[in-house]
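Encoded as structure tokens, the structure appears first; notes follow it.
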Amino acid sequence: MTDDEPGSSSLRPGLAAVALFGVLAAVVLGSASGFGDPVQFPAGESIVHNIGYALFDIDLGGIPTEGFLAAFLIIAIALDVALDSAVYLAKREDDGTIISALTDGGREIVDGDVAGAADREVTGSTETDETEQGGDR
Amino acid sequence: MVTAFDYVPAIVLLPFVSFVVALFVGKNMPKKGAYGGIAATAGSLLLSIWVLLSVRGGGAHQETYWTWAQGVGSQPFRLEFGALIDPLSALMLVIVTLIATLVHVFSLGYMNDEGERDLPRYYAGLGLFTASMLGFVIADNLLMAFMFFELVGLCSFLLIGFHFREPGPPSAAKKAFLVTRFGDYFFLVGVVAVFATFGTAAFAGAESFPALAEGALNGNVDVWTPGGLDTMTWFTVVGLLVLGGVVGKSAQFPLHTWLPDAMEGPTPVSALIHAATMVAAGVYLVARMYGFYVLTPTTMGVIALVGGFTALFAGTMGLVKEELKQVLAYSTISQYGYMMLGLGAGGYVAAVFHLTTHAFFKALLFLGAGSVIIAMHHNENMWDMGGLKDEMPVTYWTFLAGSLALAGIFPFAGFWSKDEILYEALIHGGSEPLLFAGYAMGLLAVPVTAFYTFRMVFLTFHGNARSEIARNPEPVRWNVKGPLSVLGVLAAVTGVINMVPVQKVLGIEGIDYLHLWLDNHWGGIEGLSSHHYAEIGPYSSTYPFGTEVATVLAGAAISLGLALAGLGLAWKLYNVAEPVEHTAKLGGAKELLYNNYYQDEFQVWLANRTRGLSGSADTFDQGVVDGVVNGVSSVSLLSGDRIKRIQTGVVGNYALLLTLSLTALLVVFALIGGWF
Amino acid sequence: MVPPEYYLLLSSGLFCIGLFGILTRRNALYFLMSVELMLNAANINLVAFSLYWGNLTGQTFALFAIALAAAEVAVGIGIILALYRNFGDVDVMAAATMRW
């Protein structure tokens, strides 16, 4: 299996992963006492409903669980933060102004260049149609 | 009730305070620390006089101030600092503090008025020296004495090399330090031997090592000797080991070579350290340990022989010197030879008497030389002087008093003390060939001493002035003339403290004050008295001239006659208007004397012979010891250099390392925890 | 229920496949995908044992893990963008300046 880049690396480091799998498998299969009988969910209970009750700390379901309201709220905040940070990181910074990484009408945006920015449109330069190397690869 | 003995630590600490003050704030003081030094030493002098009067009033004192190491086990050692005040140390305290005070006053004239630089360092050095010397004097055990012995050696080094920007003084300081260090090495071995043998190094008391040694020789006490050596032999060896330090410090043959070179230091330093106090430390040490030394006749004989030989040997070298201080340096070596002769001959009181008088007249002579040097604008060559007696009367008369004392002319102080030493050597030397040899050499040194002393006086002060500076010498002030006058009077009258011949001849009792003083007549510590030493000593008296009185008179007459003969010869040769050098008359001996019997070259040659050994020691130190240390560090450096290469910066490598480590950990835990 | 050992084998196999991808892949995006695989392997484990113990905590926790994985990928993409801007290439092996 070759890699994506020309002059790719070898696969030899992957042997470490294989070795780890071997160790884990040996531990799992060779475990002395094995596992006991599973306690399955009580019949007739809706799993999804119970998950919902767990998320909001509502004491309605029949399946034992913990309350996850705090975690729920924290995850909400974390997701929000992640989204904002991703958008921020994606913006390009150029000559002190931050320029969005969006293309404009199919034009390619040069890496680190001001091409296609609002400034050029304002100045009315004729470079708006040039295609340059770069862009996200 | 406050006694003087409560203030004994202050005697040592006052000069130490002046040292600290001069060192740190001296440059802001008007006289750069001189007044502090004078105040401190004068304070110590007053306290010492009070102590002396207390001992006179019947007290003696021994106190331990600080136990700084306590041994454990079956034979516990105790290393401590303490003070021992008995007649001998009280006397020495007064001598040291008096001369230190006078030297400090003199330094105002010699150093401050001459515009010398770096004076705070000078006064700091003087203060530290005085404190160390006083600490040495009051030491109550051999180890403490050794420590202060080394301290005074250090101060001597610092002060000799005071003018360190010139080439001579630092070299002389180094030589002084190394030569005395060589002797101190044997001293240290001796101190350890004393501890190993007796378990204690205390000087006084029933449990002191002289008392234990006496008991061992009587068979009462068990002491350790190495390899089953005979007790007397071992004690002789220990005594000789300690004598190594004494020989070095008191500039006896063969370790005398440093003292003439030490004259590179300022003259007040020479007066204080290399005339009156530091070189006295060796002799004082033997006197302090006398109860131990008298038990071993061989060591006593060696001491007497070395002393007598040195007296003659150094005296002959003083005959041809051209510089004023050089003559005095050789004279010092010679006179300490007399003291050692006295000690070795069983004349404990005589030696201490000569120590006292010599301290006064030698300090006087050095200070007088300092006065002449100031006048001559630091030209020390006697052949450029002449005719100074009219220009500098105070200096002349006091110098003359000191010279008469040095030459041993009746009734000046030196006559009494030197005469008593020779007398003791004579009467104890009847059956001891070593002693008699020492006596003979000491006797021969008498005319030599008188000759070179008066050659010095006549060349310097008499005749016509031989150079322009001598015609118009620089005047000196009261701070020079004052100490000279005090010491001049002392040089003249100190003899009265122990006029033994007068007592014996005229039959008057009780005027030998020093004998009574050192005999614990007015109080003292048991076992440290002169009659005790005489009892346990090996000598018996024989009177070669029949009775005691006849021997006294004959001995005095012989030594006085020889001294006058020497004086007369010097008078004839040098007390003329235009003296000339007569050294050619010595013939072949002239080169030998000029070159100090080639002793300096010999010692350098000896030192060079040890190059092989020192070279291999150096190689061992640099190669093996430093090699090990460097090797340890290089292991660290090399391993760091190799291990840092793990940080390749490539994320994949880090991930690989993590995976492998995790796998390995799991395997280890699985094996240990029995997961399989 | 299928015996838990099989679930464990499945999740460890998936984990090691993800690890294999991390160790051998050079393109940063594939690297991120492999990380996703590893996270999901953990989720499988959580859910399996939720059934084994009869407690819903495992499944709820797995839900949160999925959400967090998404957040992490969002940030990771941003980092890859920064990587590209500084090194001109999304090859993870190319960014090797923080070395000895």
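Readers should treat all values here as calculations from the given coordinates under stated rules, not as data from a laboratory. These numbers come from a predicted model, not from an experiment. With ideal geometry, Cβ positions are generated from the backbone for all residues, glycine too; neighbour counts draw on all protein chains shown.
Using θ = phi - 60° in the Karplus curve 6.51 cos²θ - 1.76 cosθ + 1.60, the 3J(HN,Hα) couplings for segment B:231-248 round to 4, 4, 4, 5, 5, 4, 4, 4, x, 5, 4, 5, 4, x, x, 5, 4, x Hz; x is entered for Gly and Pro. Across chain B, the longest run free of exposed loop sites, meaning GluC sites (Glu not before Pro) lying outside DSSP classes H, G, I, E and B with no more than 14 other Cβ atoms within 10 Å, spans B:208-508. Across peptide A:52-61, the mean count of Cβ atoms from other chains lying within 10 Å of each residue's own Cβ comes to 1.
Find out how many positive minus negative residues lie around residue B:307, taking Lys and Arg as positive, Asp and Glu as negative, among other residues whose Cβ is under 15 Å from that of residue B:307. Summing Lys/Arg as +1 and Asp/Glu as -1 gives -1. In whole angstrom, note down how far apart the Cα centers of segment B:403-418 and segment B:542-614 are. Centre-to-centre (Cα) distance: 17 Å.
For segment B:640-676 versus segment B:502-527, the spacing of their alpha-carbon centroids is 93 Å. Please identify every one of the chymotrypsin sites (Phe, Trp or Tyr not before Pro) in segment B:52-156 that sits in a loop by DSSP and has no more than 11 other beta carbons within 10 Å of its own beta carbon. Passing both the DSSP loop test and the Cβ count: no residue. Taking a point 7 angstrom from the Cα of residue B:29 along the C-beta vector, which residues in segment B:87-104 have backbone N less than 17 Å away? Only B:100-104 pass the distance filter.
Along chain B, the exposed loop sites are trypsin sites (Lys or Arg not before Pro) outside DSSP states H, G, I, E and B with at most 15 other Cβ atoms within 10 Å, and the longest stretch free of them is B:166-476. Only helical runs count toward this figure. For chain B, summing -39,500 (n - 2.57) over DSSP H runs of n ≥ 4 and dividing by all residues gives -22000 deg cm²/dmol at 222 nm.
Roughly how tilted is helix B:626-643, in degrees to the nearest 10 and between 0 and 90, from the longest Cα axis of chain B? Compared with the principal axis, the helix lies near 20 degrees. Past 29 Å, Cα to Cα: identify those pairs from B:481/B:585; B:174/B:389; B:32/B:325; B:504/B:572, in the order given. Among B:481/B:585; B:174/B:389; B:32/B:325; B:504/B:572, the Cα-Cα distance tops 29 Å for B:481/B:585; B:174/B:389; B:504/B:572.
Distance between the 7 Å Cα→Cβ label points at residue B:69 and residue B:46: 3.9 nm.
Taking amide H as placed 1.01 Å from N in the peptide plane, the amide H of residue B:80 sits under 5 Å from that of B:68, each at least 5 places away or on another chain.
Put simply, the amide H of residue A:91, placed in the peptide plane, has no neighbours under 5 Å, leaving out anything fewer than 5 places away on its chain.
Here the extension length gained between residue B:599 and residue B:207 equals 136.9 nm, from 0.36 nm per residue of separation less the Cα-Cα distance.
Given segment B:9-54 reduced to its alpha-carbon atoms as identical point scatterers, what log10 I(q)/I(0) does the Debye formula return at q = 0.19, 0.34 Å⁻¹? For segment B:9-54, the Cα-only Debye profile gives -0.55, -1.12. Once you sort the root eigenvalues of the Cα gyration tensor of segment B:526-676 as a ≥ b ≥ c, which label holds: rounded (a/c under 1.5), prolate (a/b larger than b/c) or oblate (the other case)? Note, shape of segment B:526-676 comes out prolate.
Relative contact order of segment C:4-91: what whole-number percent is it, with Cα pairs under 8 angstrom and at least 6 residues apart? Over segment C:4-91, the number comes to 30 percent.
With a Förster radius of 22 Å applied to the C-beta separation of residue B:17 and residue B:378, the computed FRET efficiency comes to 0.10.
For segment B:113-221, the spherically averaged projection of the C-alpha convex hull amounts to 8.3 nm². Less than 5 angstrom separates the built amide H of residue B:202 from those of B:142, B:209, all sequence-distant by 5 or more or on a different chain. Highest-first packing order for the peptide set B:439-446, A:55-62 is B:439-446, A:55-62, based on the mean count of other beta carbon atoms within 10 Å. In units of the compact-protein estimate 2.2 N^0.38 Å, segment B:93-154 shows a Cα radius of gyration of 1.27.
Apply 1/(1 + (r/R0)^6) to the Cβ-Cβ distance of residue A:10 and residue A:83, taking R0 = 41 Å, and write down the FRET efficiency to the nearest 0.05. So the FRET efficiency works out to roughly 0.65. For chain B, the relative contact order is 13 percent, taking Cα pairs closer than 8 Å that sit 6 or more residues apart in sequence and dividing their mean separation by the residue count. Secondary-structure-derived ellipticity at 222 nm for chain C, considering helices only, amounts to -28000 deg cm²/dmol, per-run term -39500 (n - 2.57) for DSSP H runs with n ≥ 4. Once the Cα-Cα distance is subtracted from the 0.36 nm per residue extended length, the residue B:543 to residue B:10 segment shows a gain of 187.2 nm. Run the simple label-point estimate for residue A:76 and residue B:298 please: 7 Å along Cα→C-beta, distance reported in nm. Between residue A:76 and residue B:298, the label points sit 10.6 nm apart. Evaluating 6.51 cos²θ - 1.76 cosθ + 1.60 at θ = phi - 60° for every residue in segment B:316-329, the Karplus couplings come out as 5, 6, x, 5, 10, 6, 9, 9, 4, 6, 5, 4, 5, 5 Hz, glycine and proline recorded as x.
Taking a ≥ b ≥ c as the square roots of the eigenvalues of the alpha-carbon gyration tensor, segment B:1-108 is classed oblate because a/c is 1.5 or more while a/b is no larger than b/c. For segment B:265-277, backbone phi angles converted through the Karplus equation (6.51, -1.76, 1.60; θ = phi - 60°) give residue-by-residue couplings of x, x, 4, x, 4, 4, 5, 6, 8, 9, 10, 10, 10 Hz, Gly and Pro being listed as x.
For segment B:137-195, the equivalent ellipsoid built from the Cα gyration tensor has semi-axes of 27, 13, 5 Å, listed from largest to smallest. How much FRET efficiency would the formula 1/(1 + (r/R0)^6) give for residue B:620 and residue A:43, where r is the Cβ-Cβ distance and R0 is 60 Å, rounded to 0.05? The value I calculate is 0.10. Distance between the modelled labels on residue B:1 and residue B:526, one decimal in nanometres: 2.1 nm (7 Å Cα→Cβ projection).
Computed over Cα pairs, the Kirkwood radius of segment A:42-90 leads via Stokes-Einstein (0.890 mPa s, 25 °C) to a diffusion coefficient of 197 µm² per second. Structural size metrics of segment B:576-657, computed from C-alpha coordinates, are Rg and Dmax of 33.4, 106 Å. Please say if segment C:4-91 is rounded, prolate or oblate, where rounded means a/c under 1.5 for a ≥ b ≥ c the square roots of the C-alpha gyration tensor eigenvalues, and otherwise the choice is prolate for a/b larger than b/c and oblate otherwise? Oblate, because a/c is 1.5 or more while a/b does not exceed b/c. Distance from the alpha carbon centroid of segment B:271-294 to that of segment B:330-392 works out to 17 angstrom.
Computed with the Debye formula from one identical point scatterer per Cα of the protein assembly as shown, without solvent, the log10 of I(q)/I(0) at q = 0.05, 0.06, 0.08, 0.10 Å⁻¹ comes to -0.53, -0.59, -0.74, -1.10.
Three principal axis extents describe the C-alpha atoms of chain B; from largest down they are 116, 68, 60 Å.
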